[in-house]
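Worksheet for the structure shown next.
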Amino acid sequence: MLETDHFLDIDDLATDELHAVLDRAAAIKAGEDDTELPDHTLGMLFEKPSTRTRISFETGMTQLGGHAIFLGPDDIQLGHGEPLSDTSRVLSRYVDAVMARLFDHEDLLEIAEYSDVPVVNGLTDDAHPCQTLADLLTIQEAFGGFEDVQAAWVGDGNNVGQSFVIGAAMVGLDLTVATPDGYGMSEDVLDQAEAIGHPPTVVDDPAEAVADADVVYTDVWISMGQEDQREEKLAAFEGYQVNEELLSDSDAQVMHCLPAHRGEEITHDVLESDRALVWDQAENRLHAQKGLLVELLDA
């Protein structure tokens, strides 16, 4: 059983709890753990559209013997007059857990404050901890653990990257981060990694970041809601594309949380190459979230 009431960012788990979730996820994936959540319902709040988040949570609950309800912005009063606190209190009378995919992280915190059941962050503009669970599970599978593995993050210091920095610190994964000036990880996140005791190395040269990397991770440069910044960001991120030239002296494998903007942050050839762990990474959203739900709901 996890001690945390909610899973709002990756460090809501203690380090031993994070490893427990990853081990449970691996066992479920391997067919070695048949724990189920019969008669459990997951309420899924979606302010942002999704492919992987919705399908993986909904499928995961079904496979665990439970049920998931999709609640989009047109289905309930979220943001349409009813306070978030009221929505949260009512919803938690009906379901066993809530997954929320929102824009504003403060809205997630308010939902969690008034919920009587566990709240899981399916993504906010600040954090994407469920993605980090899948990322760490993928690295654990590919390399047999985290010891002596060198990882590199190349690109935007966005919500996915920020959760990954903290998760990497928690499992002792050596990480180098290469971001353009003005688009780095937040100082708060770097301070958190420092406090954990395993901060990333921060550079501004992608080639330096990937030189000794076993795995290179990138994500979109223009996130949902940033379309008006497109030209500015494309100019700022020139030279940060993960392509064959950047990886020419490297045997590194490549990760991307998807969706990918082929030809921007990553090329089609790299994404379709034998280097790509991307599809295992996407599948592992399902297994990691099943592991989380089972641990969180004390099954």
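Coordinate-derived values only; no laboratory data. As the structure is a prediction and not an experimental result, all values here were calculated from the model. Ideal geometry is used to build each Cβ from the backbone, glycine not excepted, and the neighbour counts take in all protein chains shown.
A few remarks follow.
- Relative counts (whole %) of C-alpha pair distances in region 105-158, using bins that are 10 Å wide: 19, 37, 27, 16, 1
- For region 183-299: rounded, prolate or oblate by the Cα gyration tensor [a/c cutoff 1.5]: rounded
- Just so you know, the Cα atoms of region 1-111 work out to an Rg and Dmax of 14.9, 46 Å.
- Proximity of backbone amide H atoms, modeled 1.01 Å from N, is registered between V242 and I266, T267 at under 5 Å, excluding neighbours fewer than 5 places apart on the same chain.
- Note that region 114-121 has calculated 3J(HN,Hα) couplings of 9, 8, 8, 10, x, 10, 10, 7 Hz, one per residue in order, obtained from phi through the Karplus relation 6.51 cos²θ - 1.76 cosθ + 1.60 (θ = phi - 60°); glycine and proline are x.
- Rounded Å value of the spacing that divides the Cα centres of region 154-170 and region 2-51: 19
- Whole-Hz couplings from phi, Karplus 6.51/-1.76/1.60, listed for region 46-57; x for Gly and Pro: 10, 8, 9, x, 7, 10, 5, 5, 5, 5, 5, 5
- Part-to-part distance (alpha-carbon centres) for region 67-97 and region 266-299, which is given in Å: 27
- Based on Cα atoms of the chain, Rg over Rh with Rh as the Kirkwood radius reads 0.96.
- Residue among G81, G161, G65 with the largest mean-square fluctuation in a Gaussian network model of the chain, springs linking Cα atoms under 10 Å: G81
- Per-residue HN-Hα couplings for region 66-73 [Karplus 6.51, -1.76, 1.60; θ = phi - 60°; Hz; x = Gly/Pro]: x, 8, 10, 10, 7, 10, x, x
- The H on the amide N of L175, modeled in the peptide plane, is under 5 Å from the matching H of A151, T201, each at least 5 residues off or on a different chain.
- By average C-beta atoms within 10 angstrom, highest first, the peptides 56-64, 122-130: 122-130, 56-64
- Cα gyration tensor category, rounded, prolate or oblate, for region 178-247 with a/c compared to 1.5: oblate
- Nearest-ten-degree value, helix 159-171 long axis tilted from longest Cα axis of the chain: 90
- Between helix 15-29 and the chain: long-axis angle, C-alpha atoms, 0 to 90°, nearest 10: 80
- Gyration tensor verdict on region 102-205 (Cα atoms; rounded if a/c is under 1.5, prolate if a/b is larger than b/c, oblate otherwise): oblate
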